[in-house]
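Here is the structure we will look at.
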Amino acid sequence: MGFLQDPPQLPHPYRSDRTLLALLDRALPAERRAALDADLDALGDYAQMAWQRAGTTTRRKPVLTPWDAWGQRVDRIELTPAWQEGGALTTRHAVLAAGHADSEHARLEEFARVYLYHLASEFYTCPLAMTDGAATALKASGNRALIERALPHFLSREAATFWLSGQWMTENVGGSDVGDTETQARQDADGQWRLYGRKWFSSAVVGEAALALARPEGAGHGGAALALFYVETMDGARRRPELVIDRLKDKLGTQELPTAEIHLDGLPAWPLGELAHGVRQVAPMLNITRTWNAVCAVASMARAIALARDFAERRRAFGRPLIEQPLHAQTLADLQAQFEGAFALAFEVAHLLGRVEQGAAASHEAALLRLLTPLAKLWTGKLAVRICSEAIECFGGAGYIEDTGLPQLLRDAQVYPIWEGTTNVLSLDSLRALAGDGLGALRTVCAGWLDGNDDLHAASAVRQTLDAAARWLDQHAAARDTLEAGARGLAFTLARCAAAALLARQATWSGRHGDRRPAAALRRFVGHGLDRLVTPDADDTALLLG
Ligand code: MFK
């Protein structure tokens, strides 16, 4: 037998992740930091085990069996091993419960768990995200009966009582434009609301509950006339007959996740609040799932870079290991710097969320959270695809071979810019957030994050770029079409400025502890430029599309 290449090994996802370790050491009080360690260590162990298991077992997908042998409708879904383990893992390590604890650090501690668990979970994190979102939307609704009914299940620390919740919005007609929802809510003779219609992407169909948008009978058109309902899917051990699974989707990635097309034929439902403004009521859920999306996107980046970095030491070409090849090392270092910026922004959103929820944030920080949430989601989603693509290229042809497990990283990453609102929908959402005082809040906090950092070039780049963004916004505020056409460039610019300022804050802290690597990440990140502003020419756009 001739030469055989050593495959890449996954370093321990928790103990070897210096970015995560430094963040937690900086941001958490020592007592809480120590208390968190055991759960993160165990989730890191599980992630390493799952990577090894994936390399030695045949990959499986969920299977739907609609009918049993005797003609009974059963809609049984067989799940992969990681999915079968999901409830036990989640509750044992309090993945969701941690985020709803009574502390300003609760969300940061939750999302550290999410980050480590995500890839090993095979996107079981998708229904977890929705369950977290449902718990948050229920709390915001103030509906005591539903809160008492569902929250103990959603936030349970025991697998036996744990429930997953879905988020049933998307329909054939209303994907991004949810206001076109066709599902109807009607009251029966006993006054019970029931839902009738078809939901086109249901990613938690194996769950026990869902929040669903529907149009109450007789209500008008558009989003404001929709209502938000809570539903349960099970009747004891059986799925309720009024919920029918039509088929599972055949997707580009996230193939272990059983995403279904369903129809509702009178499923009992309870309104969360008023029978209107359902989009406004579901917004707290969207902002939670968008935060999950951002953290899971950086988890994918971390995994791709960790494997490429490890491989660069094992693989020799042109007489030396890849890591000693200047261009290869440059490529990996660029990825690392971009990742550290994205990581800083996603986790700042997580931490800020906890502080705002617990009333521990300054007054301007609620506006900041409203702005940073879509920015983090849209920027990390796009970056995850780019980083996963570049990282699998670091393996040459091996990165293109299915059973290395590497192509899956890229296919799965492509979901981040799509789920929970595409990049363009989120760019437009950031304009909504900028209509408040999001930009003022961002400028205030960036000044604070930069304070004390000795990289004057970085500080001035952030300040100048934020000034340019503010001028751009003023200049185009009255021209809605130009504003929208340039919204993506504006969003990327603001996201990169926030990330650079956050890198500066981390670099200042790490420098004091003798670690110069975050300062290098800051220099490299700023070196790639912060300004992505564009002023599109509408005539050229029309010509190009003509
Ligand atoms: C592993 C990672 C985990 C990730 C989980 C993945 C789950 C995957 C399942 C899915 O993908 S589910 C599908 C996700 N679909 C979307 O995200 C929908 C995309 N479309 C949008 O986001 C639209 O912007 C939206 C439907 C929310 C709003 O469009 P409209 O109908 O034009 O809404 P409008 O009239 O601007 O806003 C209605 C109200 O909601 C307004 O408040 P008011 O009634 O008080 O005026 C808005 O301010 C408010 N609102 C909208 N977005 C908000 C928000 N409030 C707070 N935060 C937001 N993000």
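The values are calculated or read from the model by the stated rules, or taken from the named source; none is laboratory data. Fair warning: this is a prediction, and the values are worked out from it, not measured in the lab. In this analysis, Cβ positions are derived from the backbone assuming ideal geometry, glycine residues included, and neighbour counts consider all displayed protein chains. Heads up: the accessible areas ignore ligands, DNA and RNA and are worked out on the full protein's heavy atoms, side chains in. Shrake-Rupley method; radii C 1.70, N 1.55, O 1.52, S 1.80 Å.
Counting DSSP beta bridges in the chain, what percent are antiparallel, to the nearest 5?
85 percent
Quick one: if the Förster radius is 22 Å, what FRET efficiency do ARG320 and GLU393 give, using the C-beta to C-beta distance and rounding to 0.05?
0.70
Quickly rank 377-387, 501-511, 232-242 as a protection proxy: mean count of other C-beta atoms within 10 Å, highest first.
The most tightly packed comes first, giving 377-387, 501-511, 232-242.
Please list, short to long, the whole-number percent of alpha-carbon pairs of segment 165-279 in consecutive 5 angstrom bins beginning at zero.
2, 13, 23, 26, 19, 11, 5, 1, 0
Keeping all protein chains in place, calculate the accessible area per residue for segment 165-279 (probe 1.4 angstrom), answer in Å².
Normalised by residue count, the accessible surface of segment 165-279 is 40 Å².
When only C-alpha pairs under 8 Å and at least 6 residues apart count, what is the relative contact order of the chain, in percent?
Here the relative contact order equals 13 percent.
Could you work out [θ]222 nm for the chain from helices alone, using -39500 (n - 2.57) per DSSP H run of at least four and dividing by all its residues? Round to the nearest 500 deg cm²/dmol.
For the chain, the value works out to -18000 deg cm²/dmol.
Find the Cα radius of gyration of the chain, compare it with 2.2 N^0.38 Å by division, and give the number to two decimals.
Working it through for the chain, the quotient is 0.98.
Suppose we keep just the DSSP beta bridges with both residues in segment 165-279; what percent of those would be antiparallel, to 5?
The answer is about 80 percent antiparallel.
What does the charge count near ALA312 come to, summing +1 for each Lys or Arg and -1 for each Asp or Glu among other residues with Cβ under 14 Å from its Cβ?
-2
Quick one: P(r) of segment 116-204 from all Cα-Cα pairs, 5 Å bins, percents rounded to integers, in order of increasing distance.
Result, from short to long distances: 3, 12, 15, 19, 22, 17, 9, 3, 1, 0 percent.
Can you tell me which lysines have their Cα less than 17 Å from the Cα of LYS199? Leave out same-chain residues fewer than eight positions away.
LYS249, LYS251
Dividing the alpha-carbon radius of gyration of segment 242-356 by 2.2 N^0.38 Å (N being the number of residues), what value is obtained?
1.65
Using a 1.4 Å probe and ignoring any ligands, DNA or RNA, find the accessible area of SER460 and quote it in Å² to the nearest 10.
In the full protein context, SER460 sits at about 50 Å².
Share of segment 165-279's accessible area from carbon and sulfur, percent, 1.4 Å?
The value for segment 165-279 is 47 percent carbon and sulfur by accessible area.
For ARG432 and ARG280, calculate 0.36 nm times their separation in residues minus their Cα-Cα distance, and state this gained length in nm to one decimal.
My answer for the length gained is 53.4 nm.
Under the rule a/c < 1.5 gives rounded, and otherwise a/b versus b/c splits prolate from oblate, where does segment 434-537 land using the Cα gyration tensor?
Note, shape of segment 434-537 comes out prolate.
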